[in-house]
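Right, one structure below, let's go through it.
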Amino acid sequence: MLQIEKIRKTFPGVVALDSVSFSIAPGEIHTLLGENGAGKSTLMNVLTGLYRPEKGQILLDGAPVTLNSPRDSLGLGIGMVHQHFMLVPAHSVFENILLALDNIPHFFSRKTLKKKIGNVIREFDLDLDLDAPVWRLSIGAQQWIELIKLLMRNCRLLILDEPTAVLTPQESKRLFIVLGKLKEQGKSIIFISHKMREVMEISDRVTVLKKGRSLTTLQRGDFDEKRLASLMIGEDQIPQWEKQTHVVDDDVVLQIENLSVHNDRGLSDLENFDLSLKRGEILGIAGVAGNGQKALAEVLTGLKTATAGKILAGEDDITDSTAKRSYIAGIAHIPEDRKSIGIAPDMTVDDNLIMKSFKSRAFRNWIFQDRKAIRSNAEAKIDQFAIKAGPAGNPVRYLSGGNIQKVIIARELSERPAVLVALYPTRGLDIGSAEYVHKVMADGAADGMSTLLISEDLDELLKISDRIAVMFRGRLIGCVDPLKTSREEIGLMMSGEGAP
Amino acid sequence: MVEILLDATVRAGTPILFATLGAIINERAGIINLGIEGLMLIGALAGFAATSLSGSLLIGVIAAFVAALLAGSVHGFITVQLRGNQIVSGLALTMFGIGITALFGRSMVGLTIAGFERLTIPGLSMIPVIGKPFFNQDALIYLSFVLVFAIAFFFYRTRWGLALRTVGENPAAADTCGVPVNLYRFLAVSIGSGIVGIGGAYLSLASTPMWIENMSAGRGWIAVALVIFASWSSYRALAGAYLFGGITAMQLRFQAMGTTISAHILQMLPYIFTILVLVISTVRLAKGASQQPESLGQPYDREDRK
């Protein structure tokens, strides 16, 4: 149905897509696989008309088409559920869907339209209040609205960019059932995910992208998890490590009591949150994205202030104390654009590495920087953490996601923090780098560092945590032992039910 | 006494009301326009010049609308197509408006025209107390009433209005729904500016039918503040504009009664109130009562990697 040939797209200083070709058949679920920066999202933005490619062509039903704007793509029946939802939080569900509809007369009856939308919603067994403003809904519900927008427009090709990141395992299952139905109706689906389990479950074909090139396309039956993993990693080495069954101390290094955090709208992101972290423990935090995990990480690392409650380090109250900075270190996921969290993208690797300790005497002479010390510090760190940093003076932005993560880890661990808060640290990283992050946490635990690992990947949590806490709507639902629990049990807790 | 005060309130509030409504249309599309003061002056001079040349008040109002629309479209071009800095461009527009009207207005100083006259609406004007002040007024004031309702209807009852609000909230969302974001923004800035121009024309064609250099005297800035006070709603803009009209009317009244308070202090009242209003509405904003279009002030670049 759709054929993509040798697409190339560059941004200033970056080749996002080098040469990508693949095709989609009607009634097929086609998965795109690749690490962050491999060009998946860029490619999809080309298909939806947001980006214009420099080279290559797109054929629809055998005829070349030019997609100059999302309008063109929608006209041809190509629609996408974006990773960052394209919704207006302040508008009602109805208004958000209304804007997406085409062929509506300028004077229309709100009643009949609402009925029509209501029917579609019921078809999928959803419970949505059409008049509620979108910001009141859960992230999962917002995802459904995005999907309904496309279905109401009768799109032939649906693109879903990591749809399950914001769903519980149960909700994901329901999504897959819906996708199956759509497939039977002859619609084509492009599915993007990092979670191997899902890729294996629903894909008819898989195309692997690496560094802006399409490596290969495999039919169902020709691929398994190992094959796909090795394709994604290529020649890179995977660090080997074994989870050591170390004894977790009974010393509590971090005690969170009744912590509440309000967001910009005056609602609670966290409410009466209690948690205690022991020395040398890796405590996993599970939950659907948008249930307060980010606020928790931000308040612990000092990016947000608590509205109520306490954070205790042993005996000391460090809720609003500057001591928190050296006691708790933080790492987070590396977003596709590399410019938000954790680094100053246009500054060099050297400077990024000392950002936390630039005031230290080791890096200055009186009021001047000691460039030599800064450089040798960078060399030591690059060596120790095996960072592929490129030539000296290279801005961090040019590094791959995995190497940026290593730069951040090197900086955060340099002050030997007691607690590491990791917010989706492996999301979008290639498998090699993800394993490396896991190894850092496990090694840290052996040295007595405690880690709070916030992740949406249950497999990751089950693999390396000593204990898993589940969050829902800013509250702690309960804690489980990864050795004794099941995906289903955690899934139920993630939807706010079934506390043990 | 109350009727006279109310009447003065409406007459003083109307130019601010037009300016606020125009600014709301700008900001609903996500573009900050600090050129309101300049646009009012351009509208005032264009309206006065056209009327004094043609002798027709209607032509004057149209000229004010068109002149301000053209001046505003420069701001639109800079901020939408070129994605320039909205604050700088808006301030430049105000400076430009003050300068150019002073230059071309020199030959207009001292000329007189026949301004807008009162039109009594039969029936409605007989209502006690509020009848006379609201329904024994000139045509432009009636136009402002209609605009308040028309803008609210446009925003909340039409698909164009929904698209415009979405453009101001989340241009990427509008874009992915097939809405031509730049066109909407450009038209909103241009037409909104034109409406601001009518507010200027009210000063030179109705309030005091003559041209005085810099006659808007800061009303454009009050309108900029009122947009926040009105939380981007045309109904609340009406309330806000009359509140300021009332303060102006009252201080004039005080002066006429010959109080011992210095006239300079009294003339400061509307501006002191502007500061108060900004403080109050900003505190309300901070408390989460925000109606502010989320993308206000941010240029939209489709290919920007987010």
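The values are calculated or read from the model by the stated rules, or taken from the named source; none is laboratory data. The structure displayed is predicted, hence computed values, not measured ones. A quick note on method: Cβ atoms are made from the backbone with ideal geometry, for glycine too, and the neighbour counts reach across all protein chains shown. These accessible areas exclude ligands, DNA and RNA; they are computed on the full protein's heavy atoms, side chains included. Shrake-Rupley method; radii C 1.70, N 1.55, O 1.52, S 1.80 Å.
Looking at this structure, is residue B:155 within 18 Å of residue B:292 (Cβ to Cβ), more than 10 Å from chain A (Cβ to nearest Cβ) and buried (at least 16 other Cβ atoms within 10 Å of the Cβ)? First the steps, then the outcome.
Details: within 18 Å of residue B:292 (Cβ to Cβ): yes; more than 10 Å from chain A (Cβ to nearest Cβ): yes; buried (at least 16 other Cβ atoms within 10 Å of the Cβ): yes.
Criteria met by residue B:155.
Table: residues versus (1) buried (at least 20 other Cβ atoms within 10 Å of the Cβ); (2) in contact (Cβ under 8 Å) with a residue 40 or more places away in the chain.
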{"position": "B:211", "(1), (2)": "yes, yes"}
{"position": "B:215", "(1), (2)": "yes, yes"}
{"position": "B:218", "(1), (2)": "no, yes"}
{"position": "B:222", "(1), (2)": "yes, yes"}
{"position": "B:264", "(1), (2)": "no, no"}
{"position": "B:292", "(1), (2)": "no, yes"}
Next on the checklist: I'm checking my understanding of the structure. Among residues of segment B:123-150 that are under 24 Å from the mean Cα position of the chain (by Cα) and small (Gly, Ala, Ser), which one is farthest from residue B:12 (Cα to Cα)?
Outcome noted: B:150
Checklist entry - What is the number of the single condition among (1) out of contact with any helix residue (DSSP H, G or I) (no Cβ under 8 Å at 6 or more places or on another chain); (2) crowded, with 18+ Cβ neighbours inside 10 Å that residue A:437 does not meet? => result (1)
Checklist entry - Is it the case that some residue within segment B:9-28 is modelled with pLDDT under 95 and at positive phi? => result no
Checklist entry - Is it fair to say residue B:83 is among the basic types (Lys, Arg) and either open to solvent by less than 70 Å² (accessible area, probe 1.4 Å) or more than 24 Å from residue B:28 (Cα to Cα) (or both)? => result no
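Filtering segment A:190-220 down to residues that are more than 21 Å from the chain's Cα centre (by Cα) and either of a type in the set (A, V, I, L, M, F, W, C) or not assigned by TED's automatic domain parsing to the domain that holds residue A:160 (or both), which residue is modelled with the highest pLDDT? Steps first, answer last, please.
Applying the first criterion (more than 21 Å from the chain's Cα centre (by Cα)) to segment A:190-220 yields A:204-205, A:213-220.
Then drop every residue that is not either of a type in the set (A, V, I, L, M, F, W, C) or not assigned by TED's automatic domain parsing to the domain that holds residue A:160 (or both), which leaves A:215, A:218.
Working: A:215: 79, A:218: 85.
Restricting to residues being more than 21 Å from the chain's Cα centre (by Cα) and either of a type in the set (A, V, I, L, M, F, W, C) or not assigned by TED's automatic domain parsing to the domain that holds residue A:160 (or both), the top hit is A:218.
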Checklist entry - List pairs: first in segment A:65-79 and in contact (Cβ under 8 Å) with a residue 60 or more places away in the chain, second charged (D, E, K, R) and not in a loop (DSSP other than H, G, I, E, B), Cβ under 9 Å, 6+ apart or cross-chain? => result A:78/A:72; A:79/A:149
Checklist outcome for this item: Here the residues within segment A:270-280 that are touching a Leu at 6+ places or on another chain (Cβ under 9 Å) and open to solvent by less than 40 Å² (accessible area, probe 1.4 Å) are A:270, A:273, A:275, A:276, A:277
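Working carefully through the options A:55, A:40, find the one that is away from chain B (no Cβ under 14 Å) and not aromatic (Phe, Trp, Tyr). Break it down stepwise before answering.
Numbers: A:40 fails: away from chain B (no Cβ under 14 Å).
That would be A:55, the only listed residue that is away from chain B (no Cβ under 14 Å) and not aromatic (Phe, Trp, Tyr).
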Item to check | Evaluation of residue A:158 against (1) open to solvent by 30 Å² or more (accessible area, probe 1.4 Å); (2) not in a helix (DSSP H, G or I) (one fails), failing number | outcome: (1)
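Restrict the check to segment B:172-187 and report whether at least one residue is more than 14 Å from every other protein chain (Cβ to nearest Cβ), of a type in the set (D, E, K, R) and surrounded by 19 or more Cβ atoms within 10 Å (Cβ to Cβ).
As a first pass, look at segment B:172-187 and keep what is more than 14 Å from every other protein chain (Cβ to nearest Cβ): B:185-187.
Adding the requirement that they be of a type in the set (D, E, K, R) leaves B:185.
Now restrict to residues that are surrounded by 19 or more Cβ atoms within 10 Å (Cβ to Cβ): B:185.
Within segment B:172-187, one or more residues are more than 14 Å from every other protein chain (Cβ to nearest Cβ), of a type in the set (D, E, K, R) and surrounded by 19 or more Cβ atoms within 10 Å (Cβ to Cβ).
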Checklist entry - Are any residues in segment A:61-102 more than 16 Å from residue A:156 (Cβ to Cβ), more than 9 Å from chain B (Cβ to nearest Cβ) and surrounded by fewer than 23 Cβ atoms within 10 Å (Cβ to Cβ), and if so, which ones? => result A:64, A:66, A:68, A:83, A:92, A:94
Next on the checklist: I'd like to check something: does segment A:405-418 contain any residue that is among the charged types (D, E, K, R), surrounded by fewer than 23 Cβ atoms within 10 Å (Cβ to Cβ) and over 22 Å from residue A:351 (Cβ atoms)?
Outcome noted: no
Checklist entry - In the list B:199, B:246, B:240, B:192, which residue meets the criterion of being open to solvent by 10 Å² or more (accessible area, probe 1.4 Å) and either touching a residue at least 40 places away in the same chain (Cβ under 8 Å) or not in a helix (DSSP H, G or I) (or both)? => result B:246
Checklist entry - Hey, residue A:110 hits all of (1) closer than 22 Å to residue A:89 by Cβ; (2) open to solvent by 50 Å² or more (accessible area, probe 1.4 Å); (3) more than 27 Å from the chain's Cα centre (by Cα); (4) in contact (Cβ under 8 Å) with a residue 60 or more places away in the chain but one; which does it fall short on? => result (4)
Checklist entry - Does at least one position in segment B:83-97 carry a residue that is within 30 Å of residue B:303 (Cα to Cα) and without any contact (Cβ under 8 Å) to a residue 40 or more places away in the chain? => result yes
